[in-house]
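Read-outs: derived from the displayed coordinates by stated rules, not from any lab. These numbers were taken from a predicted model, which means no experiment stands behind them. Backbone-built Cβ (ideal geometry, glycine too); neighbour counts: all protein chains shown.
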Amino acid sequence: MTIAITGHLTTEGDRIAALDGGDPRASVQVDPAGGDVVPGFVDCHTHLPFAGWRAEEYEQKVTGVPYEEIARRGGGIASSARALAGASDAAVLAQAEALADEMLRHGTTTLEFKTGYGLSVEGERRQLALARSLAARVQQTSRVTGLFAHAVPPGSEADEWMERVAELVAEADVDALDIYVESVAFSNEHLTRLGALARGRGVALRAHVEQFNTNRSVPVALQAGARSVDHLACLHPDDVAPLAAAECAAVLLPGAEFLGAERLAPGRELLDAGARCVLATDCNPGTSPVASLPLVMGLAVRRYGWTAAEALAAVTIDAAWVLGLDAEVGSLEAGKRADVLVLDCPAGHIPYRLGHNPVAVVVIGGEIVWVRPDQEWRIS
Ligand SMILES: [Zn+2]
């Protein structure tokens, strides 16, 4: 199949053939009618697949129930771990596939899956297998991250669990490793250890750091060779410049910050210092049940003081870099994979029209995979 997007480009097979304004002889013609044409979005930090939701917990949180009390009532990551353990494979995959579809309709053409709700060796093996099944089922390109060090399983100690993590790393087929560094979870020493494990396996190191407290984990992550440090709401000011100078992305998660009434990551300062800044949904049932990258862009622009163009780069080429896919996706260039969005508006409207889905047509690998029902007139 060849697709011409009038005024922009032509695809051939699964590639962008040329930025030639659209070949009139192409088999399918798409009329952008003044809407912008942008690269498909890349969501480099999600927690799919998971089971169920935690809406009651969100209501408790916003009405002022302390976190310790929510945890005492059985909330938190342990709650999602129980839900996952109690759900059939088919049910988990159905929920995750529906969410991936929702993301697709909001422009996400590449995304990450993580483990982390298994909370036992067997549980993590199962979640990894579910993530691999999901990767084979969804229409998007995906990468799978082993977040074996997400929470310390009940009855275990962090040091002891890291031994199990090392065993999982040795046997697991993952594209990256991740860890949650926080006073209630894992320490900077565990981060260093996971860095060594990642190097040994030749996979990228990612790290959830500085979400609720300033633990000075960023220098440790940089020393360990991290590909990305994610969250950063409590980033120490002295760590901005070293992060900006490193080959490491700052992955900011404004959906989690907004819904959790967390502190704000220093997004403007990081960009001004020259850091590679990336946005992601952090889609998970606890802190960020958000699937829409356009919504995340809107939050980032308002709260970090970013331009629309800065937010767009943060969900395309720079997000692709985090997943090691920037040579393949994330920009509109001849030879790259034809993952292309036609918007119903200029790209500058994405953050401004908060809550509006600007995506009219989604092309993945040179195939039109979704047309918004009111936008079918664009295709001929
Ligand atoms: Zn996360």
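Per-structure values
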quantity: Burial ordering of I3, I368, fewest other beta-carbon atoms within 10 Å first; calculated: I368, I3
quantity: The chain: relative contact order as a whole-number percent, Cα under 8 Å and 6+ apart; calculated: 21
quantity: Max mean-square fluctuation residue, GNM over the chain, Cα-Cα springs under 10 Å, options R337, R353, R25; calculated: R25
quantity: Measure of compaction for segment 126-203 (Cα Rg per 2.2 N^0.38 Å); calculated: 1.14
quantity: Antiparallel DSSP beta bridges within the chain, as percent of all bridges there, nearest 5; calculated: 40
quantity: Charge tally in the Cβ shell below 10 Å around L264, where Lys, Arg are +1 and Asp, Glu are -1, L264 excluded; calculated: +1
quantity: Förster radius 22 Å - calculated FRET efficiency between R82 and R125, Cβ distance, rounded to 0.05; calculated: 0.80
quantity: Theoretical FRET efficiency, 1/(1+(r/R0)^6), r = Cβ-Cβ of A166 and A18, R0 35 Å, to 0.05; calculated: 0.10
quantity: Hz values of 3J(HN,Hα) by residue in segment 364-380 - Karplus curve (6.51, -1.76, 1.60), Gly and Pro given as x; calculated: 10, x, x, 10, 6, 9, 7, 10, 4, x, 7, 10, 5, 4, 6, 9, 8
quantity: Computed P(r) (all Cα pairs; segment 1-122; 5 Å bins; percent); calculated: 2, 9, 13, 13, 13, 12, 9, 7, 7, 8, 5, 2, 0
quantity: Cα centroid separation, segment 15-89 to segment 170-202 (Å); calculated: 24
quantity: Extension gain (nm, one decimal) between N357 and A136, 0.36 nm per residue minus Cα-Cα; calculated: 76.9 nm
quantity: Distance between segment 230-297 and segment 319-380 - C-alpha centres, whole angstrom; calculated: 23
quantity: Structure-based [θ]222 nm, the chain - -39500 (n - 2.57) summed over DSSP H runs of at least 4, per residue, nearest 500; calculated: -10000 deg cm²/dmol
quantity: Net charge of Cβ neighbours under 11 Å - reference H208; Lys, Arg +1; Asp, Glu -1; calculated: -3
quantity: Shape call, the chain: gyration tensor on alpha carbons, a/c limit 1.5; calculated: prolate
quantity: Alpha-carbon spread of segment 308-349, three principal axes, descending order, Å; calculated: 29, 19, 12
quantity: Global form of segment 5-65, assessed from the alpha-carbon gyration tensor, a/c cut-off 1.5; calculated: prolate
quantity: Ellipsoid equivalent to segment 141-298 - semi-axes via the Cα gyration tensor, in Å; calculated: 24, 18, 16
quantity: Kirkwood Rh in Å, taken over segment 63-125 so that all alpha-carbon pairs contribute; calculated: 13.8
quantity: For D344, net neighbour charge (Lys/Arg +1, Asp/Glu -1) across residues whose Cβ lies under 15 Å away; calculated: 0
quantity: Degrees separating the helix 77-86 axis from the principal Cα axis of the chain, which is the longest one; calculated: 70
quantity: 18 Å tail of the calculated P(r), segment 249-375, as % of Cα pairs; calculated: 55
